[in-house]
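Okay, so here's the structure we're looking at.
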Amino acid sequence: MTTLAIHNGRVIDPALGRDGIADLVIVDGRISRVGPNEGDMVVEAERIDASGLVVAPGFVDLHVHLREPGFEYKETIASGTAAAARGGYTTVCAMPNTRPPLDSRAAVESVLREAEASARVRVLPIGCITSGRAGKELAPAGELAGAGVVALSDDGDAVADPSLMRHALEYSTRFGLPVAQHCEDPRLVRDGQMHEGWVATRLGLRGRPASAEETFVARDIALAELTGAHLHICHVSTAGSVALIRAARERGAHVTAEVTPHHLTLSHEEVAFGGSYAELTYDTNAKVNPPLREESDLEALIAALRDGVIDAVATDHAPHATIDKEIEFDLAAPGISGLETAFGLAMRLVHEGRLSLPTLVERLTVGPVRAWGLDRRHGLEGLGTLAPGALGDLVLLDPEADWTVDPERFASRGRNTPLAGRTLRGGVVATVFGGRLVHQTERAVAL
Amino acid sequence: MPDPALVLDAEGIRRAVTRLGHEIVEANRGVDDLVLVGIQSRGVTLAERIASAIEAFEHRRPPTGALDVTMHRDDFARSGLRQTPRPTRLPAIEGKIVVLVDDVLYTGRTIRAAMDTLNDYGRPAVIRLVVLVDRGHRELPIRADLVGKNIPTARFDDVRVLLNEEDGRDAVEVVPGKVEA
Amino acid sequence: MTTEITSRVAGSRRHNARTSESPRTDAWNHTDILDLDDFTREEIDTVLELADRMREILDRRIARVPALRGFTVVNLFYEPSTRTRASFELAGKVLGADVLSLSASTSSVQKGESLIDTVRTMRAMRADAIVIRHAMAGAPYLAAKHTDASIINAGDGAHAHPTQALLDLYTMRRHVGELAGKRVVMVGDIAHSRVARSDLWGLAAVGAEVVVCGPPTLLPRGLRAGDRPAHAESALPPVTIETDADRAIAGADVVMALRLQSERQEGGLLPSLHEYAQHYQVTAERLARAQPNHLLMHPGPKNEGIEISGAVAKGSHSIIEEQVTNGVAVRMALLYLLSGGKELPGEAAPAREEARR
């Protein structure tokens, strides 16, 4: 019997409405007891002093790219999950845009086997909507569900054919899988490189209009309502999308949504000015799809996250190698390596008073879990909560810690972040997965 | 900074200019085919003054021109600063007797550059060199045909030629430079 | 922010009366020429004055001086170009520089020969200035970040073409003198025009009143100041936007027709070239509404009969050919300015006095 006792932390467990100083005891990988002085009752235990820290359920990320198999030069399951642990994540859902893509039982099982061998935290695979992510014919959703995928998505490529999307949604209902769509109409995006607006004009870069996202959000909501399926909108980025999702949810449509820390906090100006306005940067590390938008979009996204119209903060962790980024802007791969900066970046909203810490924790934990019904899966009961009997996944946070982003120290192989050198307030002190410490900083004090 | 030593005052410059005018006409046996070309910037002023001096006693003014040699300097990479070229205005020089006029003769590089520049405009019959001050330290096999005043200097002394038209007064001064280490 | 554009004060040129040297080129603070957005009025004046001297050299019997002897210019063109490339080659050669021209196809870039590698290789071969033409916006910025050779942007995607803008300014100024308050009208494909973008910065710096005119599908978003948030108002140059060419051209001192690429029709941005010509071609009838002594310009290569009528292109107001000659002079001036202050490897900087005389 192994026991871990965490003393005197501010325990925030949104699922149970708990927010207060308490001890937390984990026995054999599961939460055993939570409450004031509970730790003192345990005689023999590994102990951590969490005074001044926040204790929360381990974060759950609905949207990461682990790149393995096929793109191990960008990231591996080992390095990606190490980055997750550093970022406070204990569960990550892995997108299927690998090579080969996860459109078959064999491909999914190989990822699960590799995760078993090398992952630092839990990996839940997502299967393709269409075979080879080619947007032509449906991937075998039943086979994928049997192999253990938790959702279906063609990720970076939206299913453009409306009829095929309709059928994908319809078919998914048989297996209870959410269909996660990257909503951007490729025919409106064309070869757009960043948000269409004054910054794109300033830089002479072709734009991706907000309407490219909104038309697909509207279309897919209509299809979800037609079919009664569960549509999940990935990385919502515009005020218009927020309005559509809000209305759909008010009508009772089964639509869930996520937003990334970068879309909540960084605008399209990041691409040109890197925050300083001193010179044009053409920062390929701020190139991401959907693109960083305008201040008014950020406002709407934050409000939607606060109201629960958006269920989850998801990173869309998209690691890339230097050779993918240190090239011409048009050629650079889109994406941000986001797992290790997610909490610090999202905490900006808390420090600015625009989001409460418990709400942020909810959107990082039980919010995503319930959006996809992950806690209804066998072995994942209580995921995203600190209820007795739940998985011993938790994170120790220091909301006031200032730290400087140094990509060279990332566990991720992807050093592609527009935040290099910036100071973030809010850090992950330690991450516990299944009752074991999988990440800790010097700030974590063992007793 | 050490005080400058006055080596030629306004009157001294006036006399030198007049004498140079006489010597040019004498060497050329008249004003025919003579063209005075000043090197930008103070050489141009001196050429005009010499032309006026000649006009005073010959009652004919030789044509004058201005030559900028900035673009013909071969030391751009070492100079550490760019100079803005001034205009070049030249009368016809083909087959003429061109008298180059400059304020200070030092390393000789400016004069070499001036001769290169002239060749881009035409082929004079003869090129002569007249300077107000020769301060020595030549780096090229160049000498002046006529000199207003020879001034012995140390390598890093600063020789300043001040002319009324540009500097508000006439004077030639030497500012002692740092002793070579 | 890029507010300097409005806050810059043109200082007086400083003439050094202490010594007998020419005035220094004080108003110059660039090691690269990426765009005109960071050029002061004073710096533009420096370039244009210097271009005058360079024209003088071009008019000589033997137009060749050794000013840039030992200076190496590499033309790195990822996009076909005749006039810009020839113009830089000639500019370098007249000044005595070594000029090397490379045509790199963008496809070779996509095969993994990175721009950074190429630029670093050129620098290792002692290139002092690298002139880059690239189909992708921002490519020269990327190059400048990875080399200490001077980078000159000879056109990057739809972003900027600063040397063209300077030669446009130079050509305008030779004819109309002071440009402050003059009405300059650009007609055509504003959205895809790097020339228009750089011209806007240059014209803003010298205080001209600029009007851009084109069909709504060829106007970039966010150009109208009111379409930007307040803090970004000065992030783009001030400009009046018109979609009616007759109204735009009325009262113009300078009219510039921009090249229309036929792809625009294929891309669905225009119904037809014929319809474009009807509404936006710069014609004698339209120019009749301009100032009587107006100037007509075109950055070339032009499609006569589409964006400009053949008659006006060859007419008495046209200064299109002069733009080409002036291009060489302006590029000479830029190379000359960039060459300053650079030491060749292994040569120690001598005392200033020696350099002077």
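Rounded to the nearest 20 debye, what is the charge dipole size of the protein assembly as shown about its Cα centre when +1 sits on each Lys and Arg Cβ and -1 on each Asp and Glu Cβ? List each step's numbers first, then the result.
On the way: 111 positive and 135 negative charges, 405 e Å.
It comes to approximately 1940 debye.
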Can you give me the angle between helix C:194-205 and the longest principal axis of chain C, using Cα atoms only, in degrees from 0 to 90, rounded to the nearest 10? 80
Residue-averaged 222 nm ellipticity for chain B, from DSSP H runs of 4+ at -39500 (n - 2.57), nearest 500: -9500 deg cm²/dmol
Beyond 25 Å between alpha-carbons counts as too far, so tell me which of A:Lys74/C:Lys145; C:Lys182/C:Lys314; A:Lys74/A:Lys136; A:Lys136/A:Lys325 fall in that bin. A:Lys74/A:Lys136; A:Lys136/A:Lys325
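How large is the helix-only mean residue ellipticity at 222 nm for chain A, computed as the sum of -39500 (n - 2.57) over DSSP H runs with n ≥ 4, divided by its residue count, in deg cm²/dmol to the nearest 500? Please report the intermediate quantities before stating the final value.
On the way: 16 runs with 138 residues, N = 447.
Calculated at 222 nm, the ellipticity per residue is -8500 deg cm²/dmol.
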Between C:Ser114 and A:Arg376, what is the spin-label point distance in nm, taking each point 7 Å from the Cα along the Cα→C-beta axis? 4.7
Charge dipole (chain C, unit charges on Cβ, about Cα centre) - positive-most of C:Ala27, C:Gly70, C:Gly207: C:Gly70
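What does the C-alpha gyration tensor say about the overall shape of region A:58-376? Classify as rounded when a/c is under 1.5, otherwise prolate if a/b is larger than b/c, or oblate. Display every interim value, and only then the final one.
Working: a/c = 1.31, a/b = 1.20, b/c = 1.09.
It comes out rounded by the Cα gyration axes.
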Student exercise, chain C dipole from Lys, Arg, Asp, Glu Cβ charges, in Debye to nearest 20: 740
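Quick one: pull the percentage of alpha-carbon pairs in region C:162-320 with a separation above 18 Å.
Details: 6895 of 12561 pairs.
When all Cα pairs of region C:162-320 are counted, 55 percent exceed 18 Å.
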Have a look at B:Ile39, B:Ile127, B:Ile54 and tell me which one the Gaussian network model of chain B (Cα, springs below 10 Å) gives the largest fluctuation. B:Ile127
Under Karplus coefficients 6.51, -1.76 and 1.60, residue-wise ³J(HN,Hα) of region A:257-274 in Hz, glycine/proline x: 7, 10, 9, 8, x, 6, 5, 7, 10, 10, 9, 4, 4, 4, 5, 8, 10, x
Between C:Arg183, C:Arg228, C:Arg123, find the one with the highest GNM mean-square fluctuation for chain C; connect C-alpha pairs within less than 10 Å. C:Arg228
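Just need the relative contact order of region A:58-376 here, percent rounded to a whole number, with Cα pairs under 8 Å and 6+ apart.
Computed over region A:58-376, the figure is 17 percent.
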Against the longest principal axis of chain A, how steep is helix A:105-118, in degrees 0 to 90 to the nearest 10, with axes from Cα atoms? 40
I'd like the FRET efficiency for A:Ser118 and C:Ser262, computed as 1/(1 + (r/R0)^6) with the beta carbon distance as r and R0 of 41 Å, rounded to 0.05. 0.15
If one compares the long axis through the Cα atoms of helix A:162-172 with the longest principal axis of the Cα atoms of chain A, the angle in degrees, nearest 10, works out at 30
Based on DSSP H runs of at least 4 residues, each adding -39500 (n - 2.57), what is the mean residue ellipticity at 222 nm of chain C after dividing by all its residues, to the nearest 500 deg cm²/dmol? -10500 deg cm²/dmol
What percent does the relative contact order of region C:162-320 come to when contacts are Cα pairs within less than 8 Å and at least six residues apart? 23
Charge dipole (region A:267-355, unit charges on Cβ, about Cα centre) - positive-most of A:Ile310, A:Thr284, A:Ser296: A:Ile310
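Going by C-beta contacts inside 10 Å, put A:Cys128, A:Cys234 in order with the fewest on the left.
A:Cys234, A:Cys128
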Among C:Tyr276, C:His175, C:Ala235, whose Cα lies farthest out toward the positive end of the dipole of region C:162-320, if unit charges sit on the beta carbon of Lys, Arg (+1) and Asp, Glu (-1)? C:His175
Point-charge dipole on Cβ atoms (K/R +1, D/E -1) for region B:123-181, about Cα centre, debye to 20: 320
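Compute the relative contact order of chain C as a whole-number percentage, counting only Cα pairs closer than 8 Å that sit 6 or more residues apart in sequence.
18
Sort region A:26-97 into rounded, prolate or oblate with this rule: let a ≥ b ≥ c be the square roots of the eigenvalues of the Cα gyration tensor; rounded if a/c is under 1.5, and if a/c is not under 1.5, prolate when a/b is larger than b/c, oblate otherwise. Display every interim value, and only then the final one.
Values: a/c = 3.06, a/b = 2.92, b/c = 1.05.
Cα axes put region A:26-97 in the prolate bin.
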Cα-based equivalent ellipsoid of the protein assembly as shown: semi-axis lengths in Å, sorted from largest, via gyration tensor: 71, 34, 22
Taking H as built 1.01 Å from N, whose amide H comes closer than 5 Å to the amide H of C:Ile130, not counting residues under 5 places away? C:Val74, C:Ser150, C:Ile151, C:Ile152
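Just so you know, all these numbers are worked out from the coordinates, no wet-lab data involved. Since the structure is predicted, the reported quantities are computational estimates derived from the model, not experimental observations. Cβ atoms come from the backbone with ideal geometry, glycine included; neighbour counts cover every protein chain shown.
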